[in-house]
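Report on the following structure.
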Amino acid sequence: MIDREQVLHVARLARLQLTDDEVERMAGELSSILGHIETISGLDLDGVEPTSHVVEVSNALRPDVPRPSLDREVALSQAPARTADGFLVPSPQA
């Protein structure tokens with residue numbers, strides 16, 4: 001069971017500000033997820049091959065072929081703040 005303090009700890013690590021209602025909801029949802037993981041952990045999965053998809057997928061990605069990209073000035077034209085070379089982002093607060 002995930003308690004309120006654990007949710008608040010994870011929220012602080014992720015720099016999230018949660019309301020009291022969100023903290024309570026997250027505690028319930030995370031507890032439910034861990035319950036499902038516990039159920040899966042109890043299954044006998046010997047001989048089951050690991051997969052990246054639940055169904056067979058072939059040719060899901062296009063070939064990686066170089067092509068012209070968006071011009072830098074066009075990409076930066078809508079930026080609220082920029083440097084000479086790119087986007088200007090605020091430094092993280094500790």
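The values are calculated or read from the model by the stated rules, or taken from the named source; none is laboratory data. This is a predicted model, so every value here is computed, not measured. So basically every Cβ, Gly included, is an ideal-geometry build from the backbone, and we count neighbours across all protein chains shown.
State all residues of segment 59-71 that are modelled with pLDDT of 90 or more and among the basic types (Lys, Arg); if no residue qualifies, say none.
Result: Arg67, single match.
Considering only residues that are exposed (fewer than 10 other Cβ atoms within 10 Å of the Cβ) and among the basic types (Lys, Arg), which ones fall in segment 61-81?
Arg62, Arg67 - these are the residues of segment 61-81 that are exposed (fewer than 10 other Cβ atoms within 10 Å of the Cβ) and among the basic types (Lys, Arg).
Do you know which of the residues in segment 31-60 that are among the hydroxyl-bearing types (Ser, Thr, Tyr) and either in contact with a strand residue (DSSP E or B) (Cβ under 9 Å, 6 or more places away or on another chain) or closer than 30 Å to Ile2 by Cβ (or both) is surrounded by the fewest Cβ atoms within 10 Å (Cβ to Cβ)?
By that ranking, first place goes to Ser52.
Condition test on Pro92, is it within 30 Å of Val7 (Cα to Cα) and either in contact (Cβ under 8 Å) with a residue 24 or more places away in the chain or not in a helix (DSSP H, G or I) (or both)?
yes
With the condition being acidic (Asp, Glu) and over 24 Å from the mean Cα position of the chain (by Cα), I'd like the helices (runs of 4 or more DSSP H) fully within segment 1-84 carrying at least 1 qualifying residues.
Where helices (runs of 4 or more DSSP H) fall fully within segment 1-84 and carry at least 1 residues being acidic (Asp, Glu) and over 24 Å from the mean Cα position of the chain (by Cα), they are 72-76.
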